[in-house]
Amino acid sequence: MPRSATYNHSDNDARWQERWLARGAFQAPQAPRHPAYILDMFPYPSGSGLHVGHVVGYVGSDVLARYARLLGKDVLHPMGWDSFGLPAERYAAKAGVLPQVSTQENSANYRRQLQALGLSYDWDRELTTSSPEYYRWTQWLFQFLYKQGLAYRAGGLVNWCPEDQTVLANEQVIGGKCERCGSQVVQRNLEQWYFKITAFAEELLEGLEDLNWPEHIKTLQRNWIGRSEGALVRFRVNNLSEQLEVFTTRLDTLYGATYLVVAPEHPLLSSLVTAEVQPDVATYQEAASTASALERSFTDRPKTGVFTGSYALHPLTGDLLPIWVSDYVLMTYGTGAVMAVPAHDERDFAFARQFSLPIRRVVVPVLGEDPEGIPDAPYAGQGYLVNSRNLNGKSTEEAFTLILAELGAAGEARTTYRLRDWLVSRQRYWGSPIPIAYRASGEQVLIPDSQLPVVLPERVTFSEKGASPLAGADEWKEWVDPLTGEVCHRELDTLDTFVCSSWYYLRYPTPNLTGAPFDREALSKWMPVQTYIGGDEHAVMHLLYARFICRALYHAGLVPTPEPFEQFVPVGKILGPDNQKMSKSKGNVVNPDEVISKYGADALRCYELFMGPFDQEKPWSTTGIVGVRRFLDKVWRLYELPVGAASEVELQCLARLTQAVRSSTELHKFNTAVSALMEAVNAFGQLPSLAQETRRSLAILLSPYAPHLAETLWEELGMQGFVMHAQLPEVQEAYLIEKTETYAVQVNGKVRGSVEVAAGTPADVVVAAARQLPNVARHLIDSRVVKEIVVPGKLVSLVATPLHEVN
Ligand code: ANZ
């Protein structure tokens, strides 16, 4: 058959996709010898299907999976559906279609779209979190945590989304708004289910050290966990038998404490309040209950409060300190009470000004200084003590220790964490039922294992707003305890969908196991996930929850590794051609189906990766994809050159290409790999002939990026089997002209190491290699690189500034 003038993508895309599937080319082996578990964050299958922005991460992970196969690795590369969630329930209320049905349709559409990209998923392992076969084990997980004392029901102030009509976890409230729908979240006092993630605060913090994750994600997790070292101070209160405990990180400022403040929800408040201020305090408490914790913690928020009428005794001076109530103190942190040191804390300073409370300076930045009068602003730094009796002149650090000793039983060193327990119950239908029931006495009973899963009833009425349809499922609501015959009522809340995704990676090695959620033996072959790819918006949600659940299971000896994801690679968003976030409402959504049918799957894949660095945001451009398609046609025509013995130039060019594709792919610099392929194809195009060996190598190097074209060329060359199962060419060092170059690496002007790279290595790859030097990485911790200067062959100079503190 004569060769077509341009590469025929429509026939070839379909042909290879069918063959790969028919021959089980993507199947992971049962007994891997060189395992590589490469995992994407699985999507929520929405009704509108995938757009080109959703798939960039999947293309990147597919390149890694295909590359690992070329290295001879046994690859586990699965996909599934995180299919519980509110949109399906909303859709049911509007369109009258059961979520069970719409979810199936949507995931079938997603599967079709992903397959059309030639993604090498092992579809035999597909998971659907909303299927009873899966959520039976989510329910097992709930019961496991319950039995371990790590799942409990408790009352308290929670975040309530009035639009979604459900509570939310703290992690789902971003800047006071619902993470899903953007509505203003309000506070409500409700009884809810929690998972005790706080029991793992220290471990989750320490575990970060060994992870190969981007530093900014680790910083977000560290700040979210928020470890604070400080002390408890116990204050005696006039006419109260209990002492009032405060948590402070600045015990050294104790002599500067001029009043105390308790949170409006503090349990001792009612005993502190004297009769005459009782009504004012009650009004204040009422008003405070509507503000979110976030709002309350803003430093510049106008300060409000009421004097309780009681006084506490300063433990060292015996002075009487008035006790106030104010909502700038949160009940959910420390002890819910603070000693206020207005001269050295901004919020205390503003409050003291507002209510004319004394301000006493006890720390100065420079030894020997002792300014008079009231300061204009608080000084929050460290320094030396003044107005602090025997401690004057001591450093703040030393004073902390001395005061702690002096306090005796009235003080105690204490570490606290900002992290709160994970609120997991939701007042919605489309989630896993919580496998628990209540006796008439209120006592909780676990639904016995033999009756799991507790399946969602289908005969329910959906309403667009208001209570969960489960509240109206009268027959389902009742449950008879088989042991006692007592009629109990089931829990009507369902689990947060983040519970389903906190353990799914443990199920892929044995997706159809019936007797257990996962198999330790199989996990010890595959875990931890070698590379996990997804959005960094999950930094303190999914990525934290998954680490917690993996640790809880690890401690029980059920899984082999404490950490689930060895390496995490964030994916940058693709914006619409208008530089805006792609969304249906903005009309800037690009559909991959159309792009594939016009330009082919390989053009879409290569273009998505060529657009820019994988982890950065970038806008879609139609001219860009045309250029990439032209490159693929050039590759196609290159194979029309006469066959000849390889010249020196050809061998050099191939060696450089092999080197570049290898190093760029390994460092996830996919754009650099694609441009190296483009350069090489241009260079080969200048030659009078091309050797068979070069053709074979080029097809293999191309195959992770443009697998359909690569298979077509491989077939034309008369090769047996798939190119995806070939062996990656080695770099022929002898043909790398100037073999290597050594770069000095500077951070903020100081030399921190050196890297040796192949001559001509692209600048961004050199920078990436430089940043991986341990000594360089150490100097970049908690910083952002704002400038990268590369002097070819000589120097990498990084300019970094400290990251903002993230609350
Ligand atoms: C006295 C003091 C003096 C404080 C000073 C600060 C500066 P981090 O570092 O975030 O842990 N605090 C304690 N519990 C609180 C609560 N429930 N709500 C609001 N604020 C609370 O912050 C610890 C500091 O935050 C504590 O140290 C306490 O104020 C305040 F010059 O105590 B400090």
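The numbers here are math on the coordinates, done by the rules we state, and not lab data. Worth saying up front: this structure is predicted, and the values here are computed from it rather than measured. Positions of Cβ are backbone-derived with ideal geometry, glycine not excepted, and every protein chain shown enters the neighbour counts.
Annotations for the structure displayed:
- Proximal lysines to Lys584, defined as alpha-carbon separation beneath 17 angstrom and excluding residues fewer than eight positions away on the same chain: Lys573
- Nearest 10 degrees, 0 to 90: helix 601-610 Cα axis against the chain principal axis: 50
- Convex hull per residue volume in Å³, alpha carbons only, for region 129-267: 210
- Farthest towards the positive end of the charge dipole of region 170-249, among the residues Leu208, Val186, Thr219, is the Cα of Val186, using unit charges on the Cβ of Lys, Arg, Asp and Glu.
- Percent breakdown of C-alpha pair distances by 10 Å bin, ordered from the shortest bin, for the chain: 2, 11, 18, 21, 18, 14, 9, 4, 1, 0, 0
- For Glu398, the shell of other residues with beta-carbons less than 14 Å away shows a net charge of -1, using +1 for Lys and Arg and -1 for Asp and Glu.
- Computed from label points 7 Å out along Cα-Cβ, the spacing between Gln382 and Leu558 is 4.4 nm.
- Shape of region 1-49, Cα gyration tensor, a/c cut at 1.5: oblate
- Placing +1 on the Cβ of every Lys and Arg and -1 on the Cβ of every Asp and Glu, with no other charges, gives region 529-670 a dipole of roughly 260 debye about its Cα centre.
- Annotation: Cα Rg of region 1-148 relative to the compact-globule expectation 2.2 N^0.38 Å equals 1.25.
- If R0 is 60 Å, the Cβ-Cβ spacing of Glu206 and Glu693 corresponds to a FRET efficiency of close to 0.75.
- Convex hull volume of the Cα atoms of region 212-260, normalised per residue: 115 Å³.
- Compared with the direct C-alpha span, the chain from Asn591 to Arg301 gains 99.9 nm at full extension, assuming 0.36 nm per residue.
- Computed lengthening from Asn775 to Val649, 0.36 nm per intervening residue step minus Cα-Cα distance: 41.5 nm
- Summing +1 for each Lys or Arg and -1 for each Asp or Glu among the other residues whose beta-carbon sits under 9 angstrom from that of Pro562 gives 0.
- Local electrostatic count at Pro267 - Lys and Arg +1, Asp and Glu -1, tallied over other residues with Cβ under 15 Å: -3
- Neighbour cut-off at most 15 other Cβ (10 Å), DSSP loop, GluC sites (Glu not before Pro), region 641-670: none
- Folded to 0 to 90 degrees: helix 52-70 orientation relative to the chain principal axis, Cα: 60
- Using 0.36 nm per residue and subtracting the Cα-Cα separation, the extra length available between Ser270 and Leu190 on full extension is 26.7 nm.
- Site pair Gln243 and Ser183 shows an inter-label distance of 4.6 nm when each label is modelled 7 Å from Cα along Cα→Cβ.
- Calculated Rg and Dmax of region 703-807 using C-alpha coordinates, Å: 19.6, 60
- Convex hull of Cα atoms in region 70-189, direction-averaged projection (nm²): 11.6
- Each eigenvalue of the Cα gyration tensor of region 1-86, multiplied by 5 and square-rooted, gives one semi-axis; in descending order these are 26, 22, 12 Å.
- Placing dummy labels 7 Å off each Cα toward the beta-carbon, the span from Glu126 to Ala471 is 3.6 nm.
- In plain terms, the residue of His9, His725, His216 with the fewest other Cβ atoms within 10 Å comes first and the most crowded comes last, giving His725, His216, His9.
- Only DSSP H runs of four or more residues enter the estimate; each adds -39500 (n - 2.57), and after division by the residues of the chain the mean residue ellipticity at 222 nm equals -10000 deg cm²/dmol.
- Evaluated with a Cβ-only charge set (Lys, Arg +1; Asp, Glu -1), region 738-807 carries a dipole of roughly 160 debye about its Cα centre, given to the nearest 20.
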